[in-house]
Amino acid sequence: MKLLEERIIKDGRVLSEGVLKVDSFLNHQIDPQLMQAIGEEFSNYFKNKGITKIITIEASGIAPAVFAGIYLDVPVIVAKKNVGITMTDELAVADVYSFTKQTNYTISISKTFLNETDSVLIIDDFLANGQAALGLMEICEQMDVLVAGIGIVIEKSFQTGRALLEEKGMEIYSLARIKSLIDGEVEFVG
Ligand code: 5GP
């Protein structure tokens, strides 16, 4: 997606050879116009796949997921990292290793929001080693829910996530695919 690649070049900051900071439009301050274009792009790609729900993880997946939800006209479920006292329903739970925080955390989705007839699209801000997406897939498996595809805003193609998820038969659509982050420069695939 050209608009996104241009924005990454303009406002992204390479923190190391493995980490890109995009706090000014995706992870901290959010550009709603860009998120809308991203939602439309995901919708155009996945619109014929019979998607009934989108799932994502709080917090940075929410903005792109909600805009995709508007265009696909389906609900968006946010997997919670912290379970509050209002979450009294029975939960489907998975453990995830965090790439950025380098610790494990638990994600939870209330079982009331998913059922066996659902066909789910997973959306997240970044794909690194695929652990967040795997956690969401594990929850879908527990609930006997089909994962129809994975939509990623920024994929770091030099890390292991894509291969791992493709091995599990997943179709992944990434809007920007980064080949390398060497010498402070972002190089895209293709
Ligand atoms: P994975 O689970 O694929 O290893 O990592 C994906 C998650 O880690 C994303 O949800 C995102 O929050 C975070 N992440 C991974 N790599 C980066 C990065 O280079 N920059 C930022 N801002 N977040 C990242």
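The values are calculated or read from the model by the stated rules, or taken from the named source; none is laboratory data. Note that this is a predicted model, so its numbers are computed, not measured. Quick reminder, even Gly has a Cβ in these numbers, built from the backbone with ideal geometry, and neighbours come from all protein chains shown. Areas reflect the complete protein model, heavy atoms only, side chains present, ligands, DNA and RNA absent. Shrake-Rupley method; radii C 1.70, N 1.55, O 1.52, S 1.80 Å.
Among the residues of the stretch 2-43, those that are closer than 16 Å to K179 by Cα and either surrounded by 18 or more Cβ atoms within 10 Å (Cβ to Cβ) or within 11 Å of the ligand (Cβ to nearest atom) (or both) comprise L4, I8, G12, R13, V14, L15, S16, E17, G18, V19, L20, K21. Taken together, the residues in the stretch 128-155 that are open to solvent by 10 Å² or more (accessible area, probe 1.4 Å) and part of a strand (DSSP E or B) amount to 3.
Tell me yes or no: at least one residue of the stretch 44-62 is surrounded by 13 or more Cβ atoms within 10 Å (Cβ to Cβ), under 30 Å from S16 (Cβ atoms), within 15 Å of the chain's Cα centre (by Cα) and aromatic (F, W, Y). No, there is no match, as no residue in the stretch 44-62 is surrounded by 13 or more Cβ atoms within 10 Å (Cβ to Cβ), under 30 Å from S16 (Cβ atoms), within 15 Å of the chain's Cα centre (by Cα) and aromatic (F, W, Y). With respect to the conditions (1) farther than 18 Å from V66 by Cα; (2) modelled with pLDDT of 95 or more, L175 lacks only one, and its number is (1). Among the residues of the stretch 77-95, is any within 23 Å of L26 (Cβ to Cβ) and over 15 Å from the mean Cα position of the chain (by Cα)? Scanning the stretch 77-95, I find at least one residue that is within 23 Å of L26 (Cβ to Cβ) and over 15 Å from the mean Cα position of the chain (by Cα), so the answer is yes. Evaluate the following for L121: is it more than 13 Å from the ligand (Cβ to nearest atom), modelled with pLDDT of 95 or more, farther than 15 Å from I55 by Cβ and in contact with a strand residue (DSSP E or B) (Cβ under 8 Å, 6 or more places away or on another chain)? Criteria not met by L121.
Is it the case that L114 is within 16 Å of the ligand (Cβ to nearest atom) and at pLDDT 95 or above?
Working: within 16 Å of the ligand (Cβ to nearest atom): no; at pLDDT 95 or above: yes.
No; evaluated as a whole, the condition is false for this residue.
For beta carbons closer than 7 Å, sequence separation of 6+ or different chains, a first residue in the stretch 141-170 that is within 19 Å of G190 (Cβ to Cβ) and a second that is acidic (D, E) and within 15 Å of the ligand (Cβ to nearest atom), the qualifying pairs are I152/D124; V153/D125; I154/D125; R162/E155.
When the stretch 77-101 is filtered for residues that are within 13 Å of the ligand (Cβ to nearest atom), β-branched (V, I, T) and either closer than 21 Å to M143 by Cβ or at pLDDT below 85 (or both), the ones remaining, listed by number, are V78, V96.
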